[in-house]
Each structure stands twice: as C-alpha cells, then as structure tokens.
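Visitor: There's a structure below that I have some questions on.
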Amino acid sequence: MCTTCGCGSDEVKIEGADPHEHVHADGTRHSHSHEHAYVPAHSHAPGTSAKRMVQIEQDILAKNNAYAAQNRAFFAGRRVFTLNLVSSPGSGKTTLLCKTIEQLRGNQHVTVIEGDQQTSQDAERIRATGAPAIQINTGKGCHLDAHMIGHALEQLDLPERSLLMIENVGNLVCPAAFDLGEAHKVVILSVTEGEDKPIKYPDMFRAASLMLLNKCDLLPHLDFSVKEAIAYARRVNPAIEIIEVSAKTGAGMAEWLDWIERKSSGE
Amino acid sequence: MSLAEGVLQLIEDAARREGFQRVTTVWLEIGQLAGVEVEAMKFCFDAVTRDSMAAGAQLEIIATPGTGWCLPCGETVELAEVYGACPRCGGYQVQVTGGKEMRVKELEVA
Ligand SMILES: Nc1nc2c(ncn2[C@@H]2O[C@H](COP(=O)(O)OP(=O)(O)OP(=O)(O)O)[C@@H](O)[C@H]2O)c(=O)[nH]1
Ligand SMILES: [Mg+2]
Ligand SMILES: [Zn+2]
Ligand SMILES: [Zn+2]
C-alpha cells in the first residue's frame, strides 16, 4: 500500500518500487499533495444530537482523474505516446505487444507497463523481446488506476518521443472507468469470444478509440461473424476504428502500426 | 473493489478536514447509466470499510435517471441504457447527457 498517501489497496505491488519512497524524479509530477482533488465542503451546524451532516459533492473518480491529469502532463512533457490496452483475459494483449515491439525494433522505442492481479510472467515475456517492462500486481484489484501508473513511471526512464503501452488487467468492466492518462484506450476483442461483447460491455467499447479484432487466423474454424461484431461495436461507439489482426501470423499488423504512427504524430 | 475504496478515501479526506471520527450514513448519487451495480457496490463498501471509520455505516443510493440528446430529434430524451435507442425516433444517435454520475453527496457523521 502507498503509505504516504494511503491510496490504493494493500496488495498492490509495483516491481522495483519501495512503497515508502515518495521522492519522485521530477518532484512536481506526483507530489502526493492530494490537495488537487479537494473541494471545500460546507458543513451544517451541529444539531441537538452529536450527529451532523457534512456535504461532500465529490466525484468518486475525482482522485483518479487528478492523478491521470498528472500522468498526462508528464507524457506531454516528454512527448510520450501512451496507449491503454484493455480486453477480457486471454484475448492476446501480451502476444500482440510482443509482436508490435518486434516489428517496431530499430524504429520506435517501446516501454511496457503490465497489469495483472498476480505474477510477473507478462512483464518477463515483454523483457524477453528486449523492451523495458515493469509489472504491477493489483492483488484483488481488477484494474490499474492512475496512481499506480504514476508510481510505475518513477521506476521507468521513458525516452522523449517514445511509445508507452500499458496492458491493463483482463477485465472488460472496471478499466473503462479509470483514466490512466493515456492518449487512447485500445480494446482487443478476440474472435474466440462472442460477437456481442460490445453490447454486453458497452462502457469499454465506448471508451476505446480503436478495436483490434484479434486471432483472425482462427476465423476459418469458427462461426464468428466479423460483420456482426463490427456492427455491434459501431452501435455503442459510432466513431470507433476497427482493425482485424492476428498476433500469431502477423496479419493486419501493418495497419495497426500505421494507426500508432498516425495517432502519435498528432493526427 | 475500488469504487468503494474511492468512496472511503473521500470520507477519510473529509474527516481530516472536518474533524469527525465516525460516519453513520453515506449518501451516494449513482446515475442509472454509470454502470454501477448497486448491490455490488453495497457489498464492496461493507468489505472495504470494515476496519475503518465508516464501519457499519448505512449506504443510501440516490439513483439519477439517464438522459441523452438525440441528434435527429433535436431533443433531450430519457435513456435506459448507454447504448440505447432514442425512445422517440428509435435511432442510435443519442449522446448521453445525464445519468453517469458517481458522487459522494453527503455524510451523516458523529
Ligand atoms: N490463434 C491465435 N492465438 C493467439 C493469438 N494471439 C494470442 N493468442 C493465444 O492466446 C492465448 C492468450 O494470449 P495472451 O497474449 O497471453 O493474452 P492476454 O490478453 O495477454 O492474457 P491475460 O494477460 O492473461 O489477460 C495464448 O495462448 C496466445 O498464444 C492470435 O492472434 N491467434
Ligand atoms: Mg497478458
Ligand atoms: Zn503514492
Ligand atoms: Zn430521436
């Protein structure tokens, strides 16, 4: 747990981070003065009993959003392009990341933050490609939040104009609500899941700018209708972009890399 | 868990500011389109607050209705689901304008 600020769950572990250490490299970025989220509350005069009412009127996500804004400012300062990859468990996020790193080798520096409840297996898979990666274990937590990312950033040395990919915990619900400071959320749907995931988990597909339809190499063996999946995704988010890929065969990777290139150059 | 943790954080901040020791009731405003399962929230809140100043506090949920702006109709319409169709024209070009709130409104403290 983050002892200085008391935020986060007891079980969150960030590789390399000392939970008591809060001296941040650039001082201002993640200062733990949580003042930013405070709105002065006005309290009613105490009544006859010892009980009284206190008005709060604060958004439950206000703190997370304040941290996300700090992260976003940090990324902007270094011109780091950050993507937040979200999906159900097992859709192929890590495989896709490894493939992306391989194909960008020599052209674009990629750093990865991995979120899983337990183990550092995914970070190890990324490091095996030669890219720096840091694992966040959320314990019982089912998503990453902006505060955890702020601490992970203390452990990383992100080069100017590099790419940061955050693999969120496999969960199509909660990560939708938690802004991490990313430029875009990218939702990965694999064809071994149902076509109707977008309408079952609309918040996530609304929050995403791009949907990667992964495992397309398996389509010949399945009844999955790509057309239907796309129609459902567009129903909940008319503006969503969609790319069909296979992290296994590499099909569609060029289009995905082109999307990254376009978006990171500020289109 | 963490929406409930967010609620507890706001309570603890308020306690530092306002100098109270115990919370007996918490009023949350949850929009119908916020995607928050009220029963799940209650369950998590009880678990998260067990050893805190809000242990045993009552959680009161104020549900606010979902509303949207339908582009073709040019009107504010009631919305039952985030991706729902406009009840007037049946179209899907509806922008959510209300009902996504997740706020801690008020506390009864001692
Ligand atoms: N056939 C096929 N299999 C794939 C593809 N992408 C990933 N897989 C397989 O799907 C399984 C899960 O892949 P991961 O990359 O670990 O998925 P993930 O989304 O990172 O999983 P979690 O981190 O556990 O949520 C592995 O067995 C992969 O080999 C693909 O494009 N085609
Ligand atoms: Mg993974
Ligand atoms: Zn902290
Ligand atoms: Zn209408």
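Visitor: So residue A:235 passes all but one of these: (1) within 14 Å of chain B (Cβ to nearest Cβ); (2) buried (at least 22 other Cβ atoms within 10 Å of the Cβ). Which condition number does it fail?
Guide: (2)
Visitor: Tally up the residues in the stretch B:94-103 that are under 17 Å from residue A:178 (Cβ atoms) and crowded, with 20+ Cβ neighbours inside 10 Å, please.
Guide: To start, the set of residues in the stretch B:94-103 that are under 17 Å from residue A:178 (Cβ atoms) comprises B:100-103.
Next, only the ones that are crowded, with 20+ Cβ neighbours inside 10 Å stay: B:102-103.
Summing the residues that are under 17 Å from residue A:178 (Cβ atoms) and crowded, with 20+ Cβ neighbours inside 10 Å in the stretch B:94-103 gives 2.
Visitor: Would you mind telling me which numbered condition in (1) at pLDDT 95 or above; (2) open to solvent by less than 20 Å² (accessible area, probe 1.4 Å); (3) not in a strand (DSSP E or B) residue A:188 fails?
Guide: All conditions pass for residue A:188, except number (3).
Visitor: Given the residues A:102, A:114, A:57, which is the only one that is of a type in the set (Asp, Glu) and over 28 Å from residue B:45 (Cα atoms)? Steps first, answer last, please.
Guide: Numbers: A:114 fails: over 28 Å from residue B:45 (Cα atoms); A:57 fails: over 28 Å from residue B:45 (Cα atoms).
Answer to the selection: A:102.
Visitor: Within the stretch A:77-95, can one find any residue that is open to solvent by less than 30 Å² (accessible area, probe 1.4 Å), in a helix (DSSP H, G or I) and either within 16 Å of ligand 3 (Cβ to nearest atom) or not polar (S, T, N, Q) (or both)?
Guide: If we filter the stretch A:77-95 for residues that are open to solvent by less than 30 Å² (accessible area, probe 1.4 Å), which is where we start, we get A:80-88, A:91-94.
Cutting the leftovers down to in a helix (DSSP H, G or I) gives us A:93-94.
From what's left, either within 16 Å of ligand 3 (Cβ to nearest atom) or not polar (S, T, N, Q) (or both): A:93.
Yes, the stretch A:77-95 contains at least one residue that is open to solvent by less than 30 Å² (accessible area, probe 1.4 Å), in a helix (DSSP H, G or I) and either within 16 Å of ligand 3 (Cβ to nearest atom) or not polar (S, T, N, Q) (or both).
Visitor: Related question: From the set of residues in the stretch B:34-51 that are surrounded by fewer than 15 Cβ atoms within 10 Å (Cβ to Cβ) and within 13 Å of chain A (Cβ to nearest Cβ), which is farthest from ligand 1 (Cβ to nearest atom)?
Guide: The residue in question is B:51.
Visitor: To continue, here is another question. Do you know which residues across the stretch B:34-43 are closer than 13 Å to residue B:62 by Cα and in contact (Cβ under 8 Å) with a residue 40 or more places away in the chain?
Guide: Passing the criteria: B:34, B:36.
Visitor: Which number in (1) open to solvent by less than 10 Å² (accessible area, probe 1.4 Å); (2) away from ligand 2 (no atom under 16 Å from the Cβ); (3) within 14 Å of chain B (Cβ to nearest Cβ) marks the one condition that residue A:196 misses?
Guide: (1)
The values are calculated or read from the model by the stated rules, or taken from the named source; none is laboratory data. Everything numeric here is computed off the predicted structure, so don't read it as measured data. We place every Cβ from the backbone using ideal geometry, glycine too, and count neighbours over all the protein chains shown. All accessible areas refer to the heavy atoms of the entire protein, side chains included, with ligands and DNA or RNA removed. Shrake-Rupley method; radii C 1.70, N 1.55, O 1.52, S 1.80 Å.
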